[in-house]
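Asks: Below is one structure. I have some questions about it.
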Amino acid sequence: MATDGLHENETLASLKSEAESLKGKLEEERAKLHDVELHQVAERVEALGQFVMKTRRTLKGHGNKVLCMDWCKDKRRIVSSSQDGKVIVWDSFTTNKEHAVTMPCTWVMACAYAPSGCAIACGGLDNKCSVYPLTFDKNENMAAKKKSVAMHTNYLSACSFTNSDMQILTASGDGTCALWDVESGQLLQSFHGHGADVLCLDLAPSETGNTFVSGGCDKKAMVWDMRSGQCVQAFETHESDINSVRYYPSGDAFASGSDDATCRLYDLRADREVAIYSKESIIFGASSVDFSLSGRLLFAGYNDYTINVWDVLKGSRVSILFGHENRVSTLRVSPDGTAFCSGSWDHTLRAQPQALLLEVALPGLEPSDRPGPSAPVNLRGCARPTCKTTCSGIKMGPVSQKLPKPAFQSTLFK
């Protein structure tokens, strides 16, 4: 019996009541430290002006939805994965494809560049995280050198190398995160605590950092200690799935994007949410978020095909970018902050290899090129392959809109 270990006059109900009481007291003590709002502190900060932003490069070659992308540390190369089962390494300056790998499954939902730039990792519905070494010989068979590093019991949703090529973090639909040794494939640490699919993770930016943050379908964002495997902080203020999390450049805060159509900023030192980025006109979920190098801007990709740029301090939207023809599934700022790339269900990635002084390398089109208010919106379901309904609970129907085929068909796939 579960109650055999209880003392006299104690019941599970009384213990639960006591736990709730203690939780309430902790919230009261935390509220006492909440003396000022972020936007009040930022009142004296000069407001940001409007940006002039244009697409500089369009990378075409995937035959289906682009699901994930990552920058190489050299600030030039990009790796992307797609529902077509392909993983492509691009030169973002020339838009050339340098490597292409065909995975054993479709829905390659995660990919990452190794810190050295000499390897990539990827995975998806095969439940594995595979590492491929990169060489200068483009004719070499990369699949022959594949190393299967991680094995989960459900789909792989995210992966990220630590500060070396020797360890990799993974997140999965089985509700766990894990740290693996790349060379041996040994599980070094597992992280249990999420109550549903884990959809995203991000490693703390410090070189000596031993924490990472994860988000999932249980609406929780959790901060983990990689050494102990314990959750050290948890935040549960979103009203729907958390699709993306990203650390602030200093590592003292992180942002999250959710299907509840909001992005939120959490201060780890204050242990609370400090800002919400939303507008009444935004009704579609945020699929991906990232900060500018300074941390002043927050870029968020949405399911209505747009990218919104938020002023982190003032909480206001400073720009909205058009150009993609389907939902924006992934976006990342380059390591040096001078380039920005987004991937979409329209099969393309949009990037700017070099930035002008006032153009922070953001994709977008001129006003005359923007879709009108009657532009079709894709409601074909959420990005998780196991989900049978849309985020609003509507049953998925047949595809009502055929997306245009890529203008360029890579010969590497033939």
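Asks: Give the accessible surface of segment 77-119 per residue, rounded to a whole number of Å², with probe radius 1.4 Å and ligands, DNA and RNA excluded.
Replies: 28
Asks: Right, next: Loop only per DSSP, at most 12 neighbouring Cβ atoms within 10 Å: give me the chymotrypsin sites (Phe, Trp or Tyr not before Pro) in segment 90-179, ordered by residue number.
Replies: Sparse-neighbourhood loop chymotrypsin sites (Phe, Trp or Tyr not before Pro): F136.
Asks: Still on this structure, please answer the following. Tally up the carbon and sulfur contribution to the accessible surface of segment 57-353 as a whole percent, 1.4 Å probe, everything protein left in place.
Replies: Carbon and sulfur atoms account for 46 percent of the accessible area of segment 57-353.
Asks: In whole Hz, what ³J(HN,Hα) sequence does segment 82-89 give by Karplus (6.51, -1.76, 1.60; θ = phi - 60°), x for Gly and Pro?
Replies: Working through the residues one at a time gives 9, 6, 7, x, 9, 10, 10, 9 Hz.
Asks: A further question follows. When the Cα centres of segment 46-79 and segment 201-267 are compared, how far apart do they sit, in Å?
Replies: If you average the Cα positions of each part, the centres end up 23 Å apart.
Asks: How much accessible area per residue does segment 212-338 have, counting only protein heavy atoms and a probe of 1.4 Å, in square angstrom?
Replies: Heavy-atom accessible area per residue stands at 32 Å².
The values are calculated or read from the model by the stated rules, or taken from the named source; none is laboratory data. What you are looking at is a predicted structure, and each value in this text was computed from that prediction instead of being measured. Every residue, glycine as well, gets a Cβ built from its backbone with ideal geometry; the counts of neighbours run over all protein chains shown. Surface areas here come from the heavy atoms of the whole protein model, side chains and all, with no ligands, DNA or RNA. Shrake-Rupley method; radii C 1.70, N 1.55, O 1.52, S 1.80 Å.
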